[in-house]
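A.B. asks: Dumping the structure here so I can ask a few things about it.
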Amino acid sequence: MKVVGLTGGMGMGKSTVASMFQQAGVPVFDADATVRQLQADHGPALGPIAELVPQAVVNGHLDRAVLRRAVAETPGLLRQLEAILHPMVRAARQDFLSRHRRQGARCVLLDIPLLFETGSQRACDHVLLVSAPPRLQAERVARRRGLPKSEARRLMARQMPDARKRRLADTVIETGVALGATQRQVRSLIKALKA
């Protein structure tokens, strides 16, 4: 079974490309969706999060605004939260891989925004990066989050630079082009991966 890792900065088009893989019949593991499940009401991550930031979990519900403020105000808290969530996400990913290996899948996609940052590329046979020009990325992030472009650029600056990710990736899919052009790139790649 070929394991493909999909990554890219915010606003680069990961979700769009992941859905193209899914529509082509490739099973997709979504790390962000897994984190949302772990942090859902009464989710398995809430107990350990409550031990770190008690005021962020009330009656089995995570108050994301309180948690965001705590992360902004407390140096090192983000790392502590990642130490809780990353092993849980890795375990869910391993379950996904084992299940699809047993089912005889030829190819699966791991949609992991922090693929390089967490070292998850080591679990992949092929790393795919989605990339768009910085101006377009800032527009997408600003529009999606309802932020001014300057704030979007500030958020983007906290991520690993796209140029570095390009050097680490096996394939780069350009998403700053017409959707049909991106679809053609993805179809061609899926065909090569399944060959």
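A short reminder: the numbers here are calculations on the coordinates, not readings from a lab. Remember, predicted model here, so these are calculated numbers, not experimental data. For neighbour counting, all protein chains shown are included, and Cβ atoms are generated from backbone atoms with ideal geometry for every residue, glycine included.
A.B. asks: For segment 2-19, just list the computed ³J(HN,Hα) in residue order, Karplus coefficients 6.51, -1.76 and 1.60, θ = phi - 60°, integers in Hz, with x standing in for Gly and Pro.
C.D. replies: Computed from phi, the couplings for segment 2-19 are 8, 9, 10, x, 10, 8, x, x, 4, x, 8, x, 4, 4, 4, 5, 4, 5 Hz.
A.B. asks: Could you calculate the contour length gain from R164 to K191, that is, 0.36 nm times the residue separation minus the distance between their Cα atoms, to one decimal place in nm?
C.D. replies: Working: separation 27, 0.36 × 27 = 9.72 nm, distance 2.67 nm.
Separation in residues times 0.36 nm, less the Cα-Cα distance, equals 7.0 nm.
A.B. asks: Mind listing the phi-derived Karplus ³J(HN,Hα) values for segment 56-63, rounded to whole Hz, using 6.51, -1.76 and 1.60 with θ = phi - 60°, and x for any glycine or proline?
C.D. replies: My calculation for segment 56-63 gives 7, 10, 10, 6, x, 10, 8, 8 Hz in order.
A.B. asks: A further question follows. Given axes a ≥ b ≥ c from the Cα gyration tensor, I'd like to know whether segment 62-146 is rounded (a/c under 1.5), prolate (a/b larger than b/c) or oblate.
C.D. replies: Values: a/c = 2.33, a/b = 1.33, b/c = 1.76.
Oblate, because a/c is 1.5 or more while a/b does not exceed b/c.
A.B. asks: When T7, T175, T118, T74 are ordered from fewest to most other Cβ atoms inside 10 Å of their Cβ, what list results?
C.D. replies: Numbers: T7 28, T175 24, T118 17, T74 12.
Lowest to highest Cβ neighbour count: T74, T118, T175, T7.
A.B. asks: A further question on this structure: In a Gaussian network model over the chain where Cα atoms closer than 10 Å are linked, find which of L110, L128, L67 has the largest mean-square fluctuation.
C.D. replies: L67
A.B. asks: Give me a comma-separated list of calculated 3J(HN,Hα) values for segment 154-161, in order, Karplus coefficients 6.51, -1.76, 1.60 applied at θ = phi - 60°, integers in Hz, x for any Gly or Pro.
C.D. replies: With the stated coefficients, segment 154-161 comes to 5, 5, 4, 5, 7, 8, 4, x Hz.
A.B. asks: Would you mind computing the Rg to Rh ratio of segment 33-88 from its alpha-carbon coordinates, Kirkwood style for Rh? All intermediate terms of the calculation are to be shown ahead of the outcome.
C.D. replies: Working: Rg = 10.2 Å, Rh = 11.1 Å.
So for segment 33-88, dividing Rg by the Kirkwood Rh gives 0.92.
A.B. asks: Can you give me the long-range amide H partners of L6? Hydrogens built in the peptide plane at 1.01 Å from N, cutoff under 5 Å, separation of 5 or more residues or another chain.
C.D. replies: When sequence neighbours closer than 5 places are left aside, the close amide H contacts are L110, D111, I112, L128.
A.B. asks: Further question on the same structure: If you line up the Cα atoms of segment 112-179 on their principal axes, what length do they span on each, largest first, in Å?
C.D. replies: 38, 27, 18
A.B. asks: As a check on your grasp of the helix formula, calculate [θ] at 222 nm for the chain: sum -39500 (n - 2.57) over DSSP H runs of n ≥ 4, divide by the residue count, round to the nearest 500.
C.D. replies: Values: 9 runs with 105 residues, N = 195.
Using -39500 (n - 2.57) per qualifying helix, the result is -16500 deg cm²/dmol.
A.B. asks: Scanning the chain for trypsin sites (Lys or Arg not before Pro) in DSSP loops with at most 13 other Cβ atoms within 10 Å, what's the longest stretch left with none? Mind showing how you got there, number by number?
C.D. replies: Values: sites that count: R106, R158.
Answer - 1-105.
A.B. asks: If you don't mind, there's one more thing I want to ask. Can you sort T16, T34 so the residue with the fewest Cβ neighbours within 10 Å comes first?
C.D. replies: T16, T34
A.B. asks: While we're looking at this one, here's another question. Of I190, I112, I49, how do they rank once you tally other Cβ atoms within 10 Å and put the fewest first? Please list the in-between numbers first.
C.D. replies: Working: I190 18, I112 25, I49 21.
With the fewest neighbours first, I190, I112, I49 line up as I190, I49, I112.
A.B. asks: If amide hydrogens are placed 1.01 Å from N in the peptide plane, which non-local residues have theirs closer than 5 Å to the one on T175?
C.D. replies: S131, A132
A.B. asks: A further question follows. Rg(Cα) of the chain divided by 2.2 N^0.38 Å? Mind showing how you got there, number by number?
C.D. replies: Numbers: Rg = 17.6 Å, N = 195, 2.2 N^0.38 = 16.3 Å.
Rounded to two decimals, the normalised Rg is 1.08.
A.B. asks: Please tell me the relative contact order of the chain in percent, rounded to the nearest whole number, where contacts are Cα pairs under 8 Å and at least six residues apart.
C.D. replies: On the way: 247 pairs, mean separation 72.0, N = 195.
Averaging sequence separation for qualifying contacts and normalising by length gives 37 percent for the chain.
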